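S.K.: The structure follows.
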Amino acid sequence: MTVPSEKLRLYACMQRIIFAVLVIGVVLLLGYLATLYRMQWDVSQNGRNSLSEASVEILQKLHGPIRITAYATEQHAELGDIRKIIADFISLYQRVKPDISLAFVDPVAQPHLAQTANVQVNGEVIISFNRKTEHLTSINEQAFSNALVRLARTERKLILEWSGHGERKLNGRASFDLGDFGQHLQIAGFDTQPVNWGVDRDIPVNADLLLIASPQIDLLPGEVDQLLAYIERGGNLLWLIDQEPLRGLLPLVERLRLTLTPGIVIDPQAETLNAPNTFALGALYGQHAITQNFDFLTVFPFARQLIINENEEWRSVPLVEAAPQGWIEGGDWHAEIAFDQTDDVPGPVVIAAALTRAVQDREQRVAVIGSGYFLANAYLGNGGNLDFGMNVINWLAGDEALITVQPRATMDNVLVINQLQLTSIAVVSSLLMPLAFLIIGVAIWWRRKHNPK
């Protein structure tokens, strides 16, 4: 039985109507979902169009609105549309934290406002949060996120550095000094102050922690007594120990219930990375706030072993284990190095530890690291040394909420397109491609019309 052609046409018409309704319904549904959810993908090299995980974590720890005022003219002599550059950059942060506001002030048209805000250069940005402000004269993720970290601190922290015995200096520029690390501490909102107990009798009451970084001459007995008294009062301590003599600090080792073995850690795995085997590679981390979500390789040159003696007073956590295929070299490590089953101790080896105890209803915090070199200027850039060092300082200062990997300055290749190439792209995308689709559509229609079967 043959179905009448009218019914066929009606059936086909109904199919087209239903299909059109479904398409419109799907489009409307997708449009509605787009207002509820936002998704994006960054396919640029190094992810320059999105924030690093570290910056996202920092934003998540800032509870409350952030106000940004950019003092910039409409055009910059070198950068061009500087306002667009700033707005595009801030938008990366606004995607994560919508309550970031951005306002522009023209320092030329309104010089009194720029002068009142102490603005020095065109394009300077002022970030305000919790009644605190930070000035930035350069725009990049590392500088901006570090400014947010400083704003997140309720107050600047004070680090005392033990001095007077040839220690590594936080403002020193020699390769063995800690000057580069000291600069990062300043950027992160820490103040540093040297203290010499041969001269200074009182420790500032607002000190958050004391740094002892590899003294080179013996301490006087009275200085050791003052140091032990500081520990007894509950003072926080970061102690960087090298394989050198303890310089009179054996009583401190005993007070912390530690044992320091002689010799240097040998790590054959370092040679696979073209590093000396006297560089212990940290890849095994204990469960602690300092190492939470920390999966970077750290490098500890000329490290020594720390043995934690269990006791009821101190709660101790091994922070870093190294040299699982290595050993502790008890002989002359300047000569040819080889494992001696008689004299050497096989790895893995604990080279960093965190200790806590309760003192007068507060938690005293101590970190001991068996390598002063890992934060030295010559080695700070290796692996995650900077991040690990900053995490240690934040934890000792009671700011474990700010423990995070330091934001990295993004790098990316620039795609330069001349006018001819840009015109070609525009012609292909706006003219040739639509014309090609039109021709294909007409061809399909013509074929179906003349060949219905």
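The values are calculated or read from the model by the stated rules, or taken from the named source; none is laboratory data. This structure is a prediction, so every number in the text was calculated from the model and none was measured. Methodologically, a virtual Cβ is constructed for each residue, glycine included, from the backbone with ideal geometry; neighbour enumeration extends over all protein chains shown.
This table checks each residue for (1) touching a Leu at 6+ places or on another chain (Cβ under 7 Å); (2) assigned to a strand (DSSP E or B); (3) within 20 Å of Leu396 (Cα to Cα).
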position: Val253; (1), (2), (3): yes, no, yes
position: Pro262; (1), (2), (3): no, no, no
position: Gln269; (1), (2), (3): yes, no, no
position: Pro276; (1), (2), (3): no, no, no
position: Leu281; (1), (2), (3): yes, yes, no
position: His288; (1), (2), (3): yes, no, yes
position: Glu312; (1), (2), (3): no, no, no
position: Pro318; (1), (2), (3): no, yes, yes
position: Glu336; (1), (2), (3): no, no, no
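S.K.: If you go through the range 84-92 one residue at a time, do you hit one that is more than 30 Å from Leu402 (Cα to Cα) and either in a loop (DSSP other than H, G, I, E, B) or of a type outside the set (Asp, Glu) (or both)?
M.R.: Step one: filter the range 84-92 for residues more than 30 Å from Leu402 (Cα to Cα), giving 84.
Still in the list and also either in a loop (DSSP other than H, G, I, E, B) or of a type outside the set (Asp, Glu) (or both): 84.
Yes; the residues of the range 84-92 include at least one that is more than 30 Å from Leu402 (Cα to Cα) and either in a loop (DSSP other than H, G, I, E, B) or of a type outside the set (Asp, Glu) (or both).
S.K.: Just checking, which of Ser138, Ser145, Ser128 is part of a loop (DSSP other than H, G, I, E, B) and either within 30 Å of Leu211 (Cα to Cα) or among the polar types (S, T, N, Q) (or both)?
M.R.: Ser138
S.K.: Looking at (1) at pLDDT 90 or above; (2) crowded, with 16+ Cβ neighbours inside 10 Å; (3) farther than 29 Å from Glu53 by Cβ; (4) not small (Gly, Ala, Ser), which one does Glu312 not meet, given that it meets all the others?
M.R.: The number of the failed condition is (2).
S.K.: How about the range 221-238: which of its residues are crowded, with 21+ Cβ neighbours inside 10 Å and small (Gly, Ala, Ser)? First the steps, then the outcome.
M.R.: Within the range 221-238, the first condition is being crowded, with 21+ Cβ neighbours inside 10 Å, and the residues that meet it are 227, 236-238.
None - no residue of the range 221-238 is crowded, with 21+ Cβ neighbours inside 10 Å and small (Gly, Ala, Ser), so the list stays empty.
S.K.: Does Leu260 satisfy the condition of being farther than 21 Å from Asp344 by Cα, among the aliphatic types (A, V, I, L, M), touching a strand residue (DSSP E or B) at 6+ places or on another chain (Cβ under 7 Å) and at pLDDT 90 or above?
M.R.: In short, no.
S.K.: Output the qualifying pairs, or none if there are none: Cβ atoms under 6 angstrom, residues six or more apart or on different chains, first residue in the range 375-395 and closer than 15 Å to Ala280 by Cα, second residue of a type outside the set (Gly, Ala, Ser) and part of a helix (DSSP H, G or I).
M.R.: Final answer for the pair search is Leu375/Phe181; Tyr379/Tyr373; Leu380/Asp180; Leu380/Phe181; Leu380/Leu386; Asn385/Phe374.
S.K.: Could you identify the single residue in Ile212, Ile217, Ile241, Ile187 that is surrounded by fewer than 17 Cβ atoms within 10 Å (Cβ to Cβ), in contact (Cβ under 8 Å) with a residue 40 or more places away in the chain and more than 15 Å from Asn394 (Cα to Cα)?
M.R.: Going through Ile212, Ile217, Ile241, Ile187 in turn, just one is surrounded by fewer than 17 Cβ atoms within 10 Å (Cβ to Cβ), in contact (Cβ under 8 Å) with a residue 40 or more places away in the chain and more than 15 Å from Asn394 (Cα to Cα): Ile217.
S.K.: In the range 252-265, what residues are free of Cβ contacts under 8 Å to residues at least 40 places away in the same chain and surrounded by fewer than 16 Cβ atoms within 10 Å (Cβ to Cβ)?
M.R.: Hit for the range 252-265 is Glu254, nothing else.
S.K.: Step by step: first the residues of the range 50-83, then only those that are without any contact (Cβ under 8 Å) to a residue 40 or more places away in the chain and part of a helix (DSSP H, G or I), then the one that is surrounded by the most Cβ atoms within 10 Å (Cβ to Cβ). Which residue is that?
M.R.: Arg83
S.K.: Moving to a separate point now. Kindly list, by first and then second residue, each pair from a residue in the range 108-123 that is in a helix (DSSP H, G or I) to a residue that is not charged (D, E, K, R), limited to pairs with Cβ atoms under 6 Å and residues at least 6 apart or on different chains.
M.R.: Leu113/Val105; Ala114/Tyr71; Ala114/Pro107
S.K.: How about the range 318-350: which of its residues are within 30 Å of Glu232 (Cα to Cα) and either surrounded by fewer than 18 Cβ atoms within 10 Å (Cβ to Cβ) or in contact with a helix residue (DSSP H, G or I) (Cβ under 9 Å, 6 or more places away or on another chain) (or both)?
M.R.: Correct list: Leu319, Val320.
S.K.: While we're looking at this one, here's another question. Can you find a residue in the range 136-151 that is aromatic (Phe, Trp, Tyr), buried (at least 17 other Cβ atoms within 10 Å of the Cβ) and not assigned by TED's automatic domain parsing to the domain that holds Asp88?
M.R.: To start, the set of residues in the range 136-151 that are aromatic (Phe, Trp, Tyr) comprises 144.
Okay, now just the ones that are also buried (at least 17 other Cβ atoms within 10 Å of the Cβ), so 144.
Imposing the further condition that a residue be not assigned by TED's automatic domain parsing to the domain that holds Asp88 reduces the set to none.
Among the residues of the range 136-151, not one is aromatic (Phe, Trp, Tyr), buried (at least 17 other Cβ atoms within 10 Å of the Cβ) and not assigned by TED's automatic domain parsing to the domain that holds Asp88, which makes the answer no.
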